[in-house]
1. Would you confirm, using the coordinates I've provided, whether PHE301 is touching a strand residue (DSSP E or B) at 6+ places or on another chain (Cβ under 9 Å) and not in a helix (DSSP H, G or I)?
2. Has region 122-134 got any residue that is small (Gly, Ala, Ser) and farther than 25 Å from LEU263 by Cβ?
3. Within region 254-295, can you find the residues that are modelled with pLDDT of 90 or more, out of contact with any helix residue (DSSP H, G or I) (no Cβ under 8 Å at 6 or more places or on another chain) and not in a strand (DSSP E or B)?
4. Among the residues of region 87-118, write down those that are farther than 23 Å from PRO36 by Cβ and surrounded by fewer than 17 Cβ atoms within 10 Å (Cβ to Cβ).
5. Looking only at region 314-349, filter to residues that are assigned to a helix (DSSP H, G or I), among the acidic types (Asp, Glu) and surrounded by fewer than 18 Cβ atoms within 10 Å (Cβ to Cβ); which one of those is modelled with the highest pLDDT?
6. Which pairs do you get when a residue that is farther than 15 Å from ILE165 by Cα, found in region 242-262, comes within reach of a residue that is of a type in the set (S, T, N, Q) and outside any helix (DSSP H, G or I), reach meaning Cβ atoms under 6 angstrom, with the pair 6+ apart or on two chains?
7. Go through region 78-105 and give me each residue that's of a type in the set (A, V, I, L, M, F, W, C), over 22 Å from PRO201 (Cα atoms) and either touching a helix residue (DSSP H, G or I) at 6+ places or on another chain (Cβ under 9 Å) or not assigned by TED's automatic domain parsing to the domain that holds ARG117 (or both).
Amino acid sequence: MGCCFSMRRKAEESRPEGKEERPKQYSWDQREKVDPKDYMFSGLKDETIGRLPGKVAGQQFVIQDCENCNIYIFDYSATITIDDCTNCIFFLGPVKGSVFFRNCRDCKCTVASQQFRVRDCRKLDVFLCCATQPIIESSISIKFGCFQWYYPELAFQFKDAGLSIFNNTWSNIHDFTPVSGEFNWSLLPEDAVVQDYIPLPTTEELKAVRISTEANRSIIPISRGQRQKSSDESCLVVLFAGDYTIANARKLIDEMVGKGFFLVQTKEVSMKAEDAQRVFREKAADFLPLLNKSPVIALEFNGDGAVEGCHLIINEIFNGTKMFVSESKETAAEDVDNFYNFADIQMGV
């Protein structure tokens, strides 16, 4: 009967002389090594610097101790932390997790993220897309506007970061440390031009990114958010999954805004049968078969005649496309409340 020792000895004797056994290769040994310094800007002053599309590819990024710098991240990231920066301008492409500003002063930024948090900061102007409720803490003079930006790769980066262009709670701010009689945050003017705050990059490398800051090209639909509504009439439109759902939503927004109505808010969320009963009431049965395909997209428009305007545009341009539209001014307010109450609960907003 053999033994392990004798079997190992025979294997060693059969190995050609002068050749050593090659060590095993594992998948984790073959991964490209990540140098944290490639995903960090630290201690910079009076510089314009950034990362082109494809150069971050979902890594974590750190920015710290920068002064008078223009910093552009034209890619998606896992998380971004920004510490101790003064008088800087930032563009931050889609972030799968959180963006956290700490101890920053006199900065302007455009940000898209799942979570957004500010602590111990003063005088920040933020054009924001945030899937959850933005949070400020121990901070003053923080101003918010709706994200407004475009370049060709941006839509794919939103998908890579797991962000929907229709889930944006940019103006629904929670202040952890409110002071009675004072406001630590406010909204930027509705006519604020993003390029006046966040100028386009000037270096030859970054100018290669084909950027547009025109409102009608923004990857994110520009909404009024928590601003006071111009009318007591709103209209809810819900689009169901299909080959052209996103394109139809954008087309409807363009048509309604072009006719003088306002886009208040948008949402992309999955609905269950019980949700449909609550939102669509007696029409729920018509839409139940459409809920299994993918999330729905909801749009709230505001303005005198919004309900009639929606119906006219949908009948003229989207005839044959199944949508839920508020039937009347009297029912529209309840439609809006029912939909966004369930959607905010589901999304934890």
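The values are calculated or read from the model by the stated rules, or taken from the named source; none is laboratory data. Because the structure is a prediction, the values reported are computed rather than measured. For neighbour counting, all protein chains shown are included, and Cβ atoms are generated from backbone atoms with ideal geometry for every residue, glycine included.
1. Considered against the rule, which asks whether it is touching a strand residue (DSSP E or B) at 6+ places or on another chain (Cβ under 9 Å) and not in a helix (DSSP H, G or I), PHE301 comes out as yes.
2. No, that holds for no residue.
3. Across region 254-295, the qualifying residues are VAL257, GLY258, GLY260, PRO295.
4. Matches in region 87-118: ASN87, ARG105, ASP106.
5. The residue in question is GLU316.
6. From residues that are farther than 15 Å from ILE165 by Cα, the pairs are PHE262/ASN302.
7. none
Here is a yes/no grid of residues against (1) loosely packed, with under 12 Cβ neighbours inside 10 Å; (2) in the same structural domain as PHE127 (by TED's automatic domain parsing); (3) modelled with pLDDT under 95:
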residue: ALA155; (1), (2), (3): no, yes, no
residue: LYS159; (1), (2), (3): no, yes, no
residue: LEU163; (1), (2), (3): no, yes, no
residue: ASN167; (1), (2), (3): no, yes, no
residue: THR202; (1), (2), (3): yes, yes, yes
residue: THR213; (1), (2), (3): no, no, yes
